[in-house]
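**Student:** A single structure is presented below for examination.
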Ligand SMILES: [Zn+2]
């Protein structure tokens, strides 16, 4: 718990700058009960930079509990996660006035505090908060149905994931094909400011309210370098013409989840997690913030095949979001015409691409690689792909000490996920040892197998978790690039 300070501040740059023209003072929270040790996103607007304070007050104006003191706030929108505690005390249960004080100015809203999450108090393991794709949405908590936006990012909940993967998806379609994009508008009017871009026919949207002419939807902005609205992978809410909304039933045989936090592709088949593969999603840089792979839910469409990107050749590519494709880890051609994977293959399991999703070519114990995916998907299969956002504050679970890990005691140099692995000759069965001993002799020198995506070492998980701890910023380059978003229409 040591890293989990009572107040979980996240310096989130939130994707609502288009709505941030307001010069007054206001505060809002999602309409849901906050159970202390879970978290809620508090958003507030201020007319200028300065020090703000948030407190819980009762009806009589009595101060009952501090939320944050001396918060260094900025003009416009501010956002912070609050976990319902202060100095290790939990906020009192009840319905309170959440009061924002800024100099002589004051604003308030209602907040409901529930019972603390008891299981977390009892469990000293790293705190696992509940994150969904809509975690920072102002509408979070309003939708009670199970869908991509309300599904907790927990790969172990196979039943819920399968239900989401196979249920109908709502896309925006203006009839101009899967490369076209539609602008999300701040107001229900074609003259209103754009807040984000959504890709037609393949990108799912969350319908918040459906009107006769315009509907309010949310999605991660599919902003590519040439998109009409540049708001890099920001979760946005805006209006689209209702006539564009189309419901599609996806493939009922297969479905995929890609988690940008773990850099893994999870293949679901017949209701179960069938196989886990290593991927590389996009890595932004100061000149190319659009490299960040856009999160959201998508349908796999055209089989593109092989294409070239600079000196890299990318095979078995299948389109799912305009310029974003799922394809085999790229290779370079050597002088003798043979393919070399040595440039990109070692990076699998970390961000590395220009936005596409690179998938391993080595076979998992279940016999899955990008070639398997290509062979099992028909052209325009409409197989659903969920891409989970790596929200700041998300953490990778550290495996239990007694989780079995496998190796070959007769000189094996690698550790594996399962008893067998495609890396070795068929028929070899490995010996198991507990994960808790992985950093001890003779296991400490074992390398991670590149075929079966075995568990990361504890120190590796802790390094990722530190990068993603609350209050930090795992990608300052992208954060800075978003500060000028959304760019006005030319
Ligand atoms: Zn292996």
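**Student:** Which residue pairs have Cβ atoms under 6 Å apart, sit 6 or more places apart or on different chains, and have a first residue in the stretch 323-348 that is not assigned by TED's automatic domain parsing to the domain that holds residue 260 and a second that is modelled with pLDDT under 95 and assigned to a loop (DSSP other than H, G, I, E, B)?
**Tutor:** Matching pairs, first to second residue: none at all.
**Student:** Kindly indicate whether any position in the stretch 165-188 is assigned to a strand (DSSP E or B), over 23 Å from the mean Cα position of the chain (by Cα) and surrounded by 15 or more Cβ atoms within 10 Å (Cβ to Cβ). Working first, answer last.
**Tutor:** First, pick out the residues of the stretch 165-188 that are assigned to a strand (DSSP E or B): 169-172, 181-185.
Checking which are over 23 Å from the mean Cα position of the chain (by Cα) leaves us with 185.
With surrounded by 15 or more Cβ atoms within 10 Å (Cβ to Cβ) added as a condition, the list becomes 185.
For the stretch 165-188, residues assigned to a strand (DSSP E or B), over 23 Å from the mean Cα position of the chain (by Cα) and surrounded by 15 or more Cβ atoms within 10 Å (Cβ to Cβ): present.
**Student:** Kindly evaluate residue 456 against the criterion of being more than 13 Å from the ligand (Cβ to nearest atom), under 25 Å from the mean Cα position of the chain (by Cα), assigned to a strand (DSSP E or B) and closer than 30 Å to residue 148 by Cα. Walk me through it before giving the result.
**Tutor:** Numbers: more than 13 Å from the ligand (Cβ to nearest atom): yes; under 25 Å from the mean Cα position of the chain (by Cα): yes; assigned to a strand (DSSP E or B): no; closer than 30 Å to residue 148 by Cα: yes.
Here the answer is no, as residue 456 does not meet what is asked.
**Student:** Could you grab me the full set of residues in the stretch 394-406 that are crowded, with 21+ Cβ neighbours inside 10 Å and either at positive phi or outside any loop (DSSP other than H, G, I, E, B) (or both)?
**Tutor:** Going through the stretch 394-406, the residues crowded, with 21+ Cβ neighbours inside 10 Å turn out to be 394-395, 405-406.
Matches in the stretch 394-406: 405, 406.
**Student:** Would you call residue 218 buried (at least 24 other Cβ atoms within 10 Å of the Cβ) and at pLDDT 95 or above?
**Tutor:** Numbers: buried (at least 24 other Cβ atoms within 10 Å of the Cβ): yes; at pLDDT 95 or above: yes.
Taking the combined requirement at face value, the residue satisfies it.
**Student:** While we're here: Report whether or not residue 440 is without any contact (Cβ under 8 Å) to a residue 40 or more places away in the chain, away from the ligand (no atom under 16 Å from the Cβ), in a loop (DSSP other than H, G, I, E, B) and touching a helix residue (DSSP H, G or I) at 6+ places or on another chain (Cβ under 7 Å). Lay out the reasoning, then the answer.
**Tutor:** Details: without any contact (Cβ under 8 Å) to a residue 40 or more places away in the chain: yes; away from the ligand (no atom under 16 Å from the Cβ): yes; in a loop (DSSP other than H, G, I, E, B): yes; touching a helix residue (DSSP H, G or I) at 6+ places or on another chain (Cβ under 7 Å): no.
Answer is no for this residue.
**Student:** In the stretch 359-393, what residues are surrounded by fewer than 18 Cβ atoms within 10 Å (Cβ to Cβ), touching a residue at least 12 places away in the same chain (Cβ under 8 Å) and not in a loop (DSSP other than H, G, I, E, B)?
**Tutor:** 371, 376
**Student:** Hey, another quick one. Within the stretch 407-437, how many residues are over 14 Å from residue 457 (Cβ atoms) and in a loop (DSSP other than H, G, I, E, B)?
**Tutor:** 19
The values are calculated or read from the model by the stated rules, or taken from the named source; none is laboratory data. Predicted, not measured: the structure shown is a model, and the values here were computed from it. As a convention, Cβ positions derive from the backbone with ideal geometry for all residues, glycine included, and neighbour counts pool all protein chains shown.
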